[in-house]
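Peer 1: Pasting a structure here, questions to come.
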Amino acid sequence: MAQVHILDSVARDGPGNRLGPEELSAALMMMLRIRQFETRAKELFLKGVIKGTAHSSVGQEAIAAGACAAIGPDDFLLTHHRGHGHTIAKGSYVARMFAELMGRAPGYCAGLGGSMHIADFERNILGANGIVGAGMGLGTGAALAEQLNETGNIGITFFGDGAANEGIFHEAMNLAAIWKLPLIFFCENNQYGLTTATEAVTAGPSIAARGDAYGVPNERIDGNDVGAVFEAVERAALRARAGEGPSLIEALTYRWDDHSMRANLPAYRTGDEEAEWKTRDPVSRLRDRLIEAGALSKERYDAMVSEAQADIETAIDWAADQPEPDMALAMENVLPPRTAGFSEPPAGARQITYREAITEAFALEMAADDDVIVLGEDVGETGGIFGLTPGLFERFGAARVRDTPISEGAISTCGVGAAMRGKRVVVEAQLWDFVTLMMDAIVNQAAKARFMLGGKARVPIVFRGPQGAGIRLAAQRCQSLETLFANIPGLQIYAPSTAYDAKGLMASAIADDGPVVFLEHKLLYLGAQQPVPEGRYLIEPGKARILRPGTDCTIVATLAMVDRALQAADRLHREGISAEVIDPRTIKPLDAATICDSVRKTNRAVIVHEAPLFGGFGGEIAATIQEQAFDWLDAPVARIGAPEMPVPYNDRLERAYMPDTARIIEAVKSVCYRS
Ligand SMILES: Cc1ncc(C[n+]2csc(CCOP(=O)(O)OP(=O)(O)O)c2C)c(N)n1
Ligand SMILES: [Mg+2]
């Protein structure tokens, strides 16, 4: 049975030989501190002092102590939900960790993240994570940043056996291997993913052996042997620093406690199994080995235990005295402050297309800042399937204009990791519908990192791509998905409809220190040349543009709908109706003031978007108008959107699906002739 085989590889006696008595004593002290931290955390959880949940790493301390001893202070670390031990071993203050677990303002995440998000940027700990496997994708990005900056630093990304069955394991391993990233994939195989036995859900001879498929050096080691862990990480670190790329280490171990402090699950492990593993306790094995070797006395060991206990009690006492965060502090940490200088210079005489305007923004931002990089499928030499990145590869090189594998999960999380490590990243979704495979990176990682890591993370990343219908690409290539992101605090959504706005908004999206979802439109790619300034300029988000003034009705439209709204306004003018057309340009932040001021003048509003009506952002704008301009309204706010169906392929049906000029005219007339 696999279980017996695994137990056979985890010894009862002492550690590997590479470390001397002094280093082993230091490792033992570290392991005692981790064990005491977890023991007291559990007690405090049961008393209700620590809330939510936390995951104890008792039984797995040798991994944290051994691995962190083998890397340097400048090397980075990403950990997972069971990450207390790694964080302590990398040198973080246990007092600030307890403060975080107690939800206090001086905690590592200002009390906004809790146990599963502890990050300590001063020690290059880029965070624990509540999403199983995410650290592997983020790790590729952090390692890419180190590689591009030629720092010589490397990183470890810790994950569990359960995470080895996530797609991101494979995508990240492949990406790290092809780019030879300085990253150590460290799997803590503690035999279970929650209640599920690893052997029941994991194909192949071992998790380590999966590295062979990617040409990644790998080994399966005794994770309860601090010396074996140290040596394996040291070997992998040497390879990574020598430019030989990633390694995969699978360390066999066992968690002593239940899955989480909150878990109240029926027994899924036998008492015999638990007892058997406890005979391989990493702490007592190391203690006995040192005592046998004459490097440690029983008295000294007892003193070390007392020291660990005293340290942890001092930390708990300090943490318990700290203030809690307030709502103002929490709000401050949602979005980074804007530092860019914004301007909207005159358009001038030169004309280029919408696509060219975006490419020009990339080129100018890449020239202005060496940290700007572009990631995406086919974005390199070929310039992207819609031709958004031509010429960039030749000018800025393959390192900064990176063709990626077809791995949306890895590309997007890699982008977030690189951004957190100092890069400004543009990630292309080849067609915007494929962004659904990037949702973890955008929604759980990029949008939350600054907030849940206590305002310390900087995540300058743009997720961009072409959305919308109009060129017969059918249901999975034509959606308008903006509202998926509109309900996520921490994200901004830019949606330019002109070449001028596309260039200026792309520049500000890249310069922003937070994540931006940048929506383009396939029909706009096909548009004619328009006047665009040659130089660099950044448009301030949250500033709508009144494209045509009018007095009888306000039409709010975005992206491909803007042209249709303008055509409708033209025709309405001939019929004696004066429509004012507003393009919000950014959906979030939304310029409610300009829209509501207009409605106070025209007393009527029609909102048009391409997405289906139900749940579309037209509802949000309509609600805002009724909240802020109700008394000025002479008719209900009208909304136009697609019907409740996926985008049809058939030519005629697709045209009927998309809101058109006739429908906008009809809606404006209906609100104008009503009063
Ligand atoms: C993507 C995702 N799926 C499910 C969960 C719920 N969950 C949290 S921890 C866990 C088990 C993870 O097992 P493993 O990776 O082996 O780590 P361990 O808990 O054993 O340390 C699960 C299923 C999650 N947090 N994220
Ligand atoms: Mg596990």
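Peer 1: Tell me the angle of helix 560-574 to the major Cα principal axis of the chain, expressed in degrees between 0 and 90 and rounded to the nearest ten.
Peer 2: The answer is roughly 20 degrees.
Peer 1: Could you run the Karplus curve 6.51 cos²θ - 1.76 cosθ + 1.60 with θ = phi - 60° over region 319-330 and give me ³J(HN,Hα) per residue in whole Hz, x for Gly and Pro?
Peer 2: Per residue, the Karplus-derived 3J(HN,Hα) values read 4, 5, 8, 7, x, 8, x, 10, 4, 5, 4, 4 Hz.
Peer 1: Cut-off 17 Å, label point 7 angstrom out along Cα-to-Cβ of Gln476: give me the residues of region 619-648 whose amide nitrogen falls inside.
Peer 2: 646-648
Peer 1: What is the percent carbon and sulfur in the accessible area of region 440-516, measuring with a 1.4 Å probe over the protein chains and ignoring ligands? It would help to have the intermediate numbers written out before the result.
Peer 2: Details: 940 of 1770 Å².
Of all accessible area on region 440-516, carbon and sulfur atoms account for 53 percent.
Peer 1: Pull up the DSSP beta bridges for the chain and report the antiparallel fraction as a percent, rounded to 5. Intermediate values should be presented prior to the final figure.
Peer 2: Working: 10 of 63 bridges.
Roughly 15 percent of the beta bridges in the chain run antiparallel, per DSSP.
Peer 1: Using a 1.4 angstrom probe with every protein chain in place, what is the largest-first accessible-area order of Asp371, Asp403, Asp222?
Peer 2: Sorted descending by solvent-accessible area, the residues read Asp403, Asp371, Asp222.
Peer 1: Explain nothing, just the number: relative contact order of region 157-207, from Cα pairs under 8 Å at least 6 residues apart, as a whole percent. Before the final figure, lay out the partial values.
Peer 2: Working: 39 pairs, mean separation 26.0, N = 51.
In percent, rounded to a whole number, it is 51.
Peer 1: Now for a different question. Explain nothing, just the number: relative contact order of the chain, from Cα pairs under 8 Å at least 6 residues apart, as a whole percent.
Peer 2: On the way: 1536 pairs, mean separation 84.4, N = 675.
Computed over the chain, the figure is 12 percent.
Peer 1: I'd like to compare 35-43, 297-305: which one has the highest average count of other Cβ atoms within 10 Å, and what's the full order after that? If you can, show how the numbers build up before the last one.
Peer 2: On the way: 35-43: 21.2, 297-305: 12.7.
So the peptides 35-43, 297-305, ranked by packing, come out 35-43, 297-305.
Peer 1: I need the shape label for region 545-600. Rule: rounded when a/c is under 1.5, else prolate if a/b > b/c, else oblate, with a, b, c from the alpha carbon gyration tensor.
Peer 2: Values: a/c = 3.32, a/b = 1.45, b/c = 2.30.
It is oblate, given that a/c is not under 1.5 and a/b is not larger than b/c.
Peer 1: Which lysines does Lys278 reach when only Cα atoms under 23 Å apart count, and residues fewer than 8 places away in its own chain are ignored?
Peer 2: Once the sequence-local lysines are set aside, what remains near Lys278 is Lys42, Lys298.
Peer 1: Additional query: In region 216-317, carbon and sulfur make up what percent of the accessible area (probe 1.4 Å)?
Peer 2: Working: 2160 of 4430 Å².
The nonpolar share, carbon plus sulfur, comes to 49 percent.
Peer 1: Using a 7 Å offset from the Cα along the Cα-to-Cβ direction at both Val334 and Ala320, what is the distance between the two label points in nm, to one decimal?
Peer 2: For Val334 paired with Ala320, the spin-label model returns 3.5 nm.
Peer 1: Now for a different question. Let me have the 222 nm mean residue ellipticity of the chain computed from DSSP H runs of 4+ only, each contributing -39500 (n - 2.57), with the sum over all residues rounded to the nearest 500.
Peer 2: Details: 26 runs with 276 residues, N = 675.
After summing the helix terms and dividing by residue count, I get -12000 deg cm²/dmol.
Peer 1: Also: Under the rule of at least 5 residues apart or a separate chain, name every residue whose amide H is placed under 5 Å from the amide H of Ala611.
Peer 2: Ala642
Peer 1: Would you mind working out the accessible area per residue for the chain, using a 1.4 Å probe, and quoting it in Å²? Mind dumping the intermediate values first?
Peer 2: On the way: 25170 Å² over 675 residues.
Each residue of the chain exposes 37 Å² on average to a 1.4 Å probe.
Peer 1: Ok, one more. About the Cα centre, and with charges only on the beta carbon of Lys, Arg (+1) and Asp, Glu (-1), how big is the dipole of the chain? Nearest 20 debye, please. Before the final figure, lay out each step's value.
Peer 2: Numbers: 65 positive and 87 negative charges, 280 e Å.
For this selection, approximately 1340 debye.
Peer 1: Roll a 1.4 angstrom probe over the protein heavy atoms and tell me the percent of accessible area of region 624-672 that is carbon or sulfur. All intermediate terms of the calculation are to be shown ahead of the outcome.
Peer 2: Working: 1450 of 2800 Å².
C and S atoms contribute 52 percent here.
Peer 1: Out of all Cα-Cα pairs in the chain, roughly what percent, to the nearest whole number, are more than 40 Å apart?
Peer 2: Values: 86085 of 227475 pairs.
Here the long-distance tail beyond 40 Å is 38 percent of all Cα pairs in the chain.
Peer 1: Go through Pro21, Ser57, Ala89 and say which Cα lies farthest out towards the positive end of the charge dipole of region 1-109; charges sit on Cβ, +1 for Lys and Arg, -1 for Asp and Glu.
Peer 2: Ser57
Peer 1: Taking the Cα centre as origin and putting +1 on Lys and Arg beta-carbons and -1 on Asp and Glu beta-carbons, what dipole magnitude results for region 219-377, to the nearest 20 debye?
Peer 2: Working: 17 positive and 34 negative charges, 89 e Å.
About 420 debye.
Peer 1: Mind giving me the FRET efficiency for Ala656 and Arg600? R0 is 30 Å, r the Cβ-Cβ distance, nearest 0.05 is fine.
Peer 2: Details: r = 35 Å, r/R0 = 1.16.
Approximately 0.30, to the nearest 0.05.
Peer 1: Could you give the nm distance between label points at Ile546 and Arg241, where each point is 7 Å from its Cα heading toward the beta carbon?
Peer 2: Placing both labels 7 Å along Cα→Cβ, they lie 6.4 nm apart.
Peer 1: Could you name the lysines in cross-link range of Lys456, using Cα to Cα under 17 Å and dropping any fewer than eight places away on the same chain?
Peer 2: Lys423, Lys448
Peer 1: Then there's this: May I ask you to list the lysines whose Cα is less than 30 Å away from that of Lys601, ignoring any residue fewer than eight positions away on the same chain?
Peer 2: The reachable lysines, counting only those whose Cα sits under 30 Å from Lys601, are Lys543, Lys588, Lys669.
Peer 1: Something else: Just to confirm the number: angle between the C-alpha axis of helix 167-178 and the first principal axis of the chain, 0 to 90 degrees, nearest 10?
Peer 2: For helix 167-178, the angle is close to 90 degrees.
Peer 1: Specify the angular offset, from 0 to 90 degrees and rounded to the nearest 10, of the alpha carbon long axis of helix 134-149 from the longest principal axis of the alpha carbons in the chain.
Peer 2: 80
The values are calculated or read from the model by the stated rules, or taken from the named source; none is laboratory data. Please read these numbers as outputs of a predicted model, since none were measured by experiment. Reconstructed Cβ throughout: ideal geometry from the backbone, glycine too, with neighbour counts over all protein chains shown. Calculation scope for accessible area: heavy atoms of the full protein, side chains included, ligands and nucleic acids excluded. Shrake-Rupley method; radii C 1.70, N 1.55, O 1.52, S 1.80 Å.
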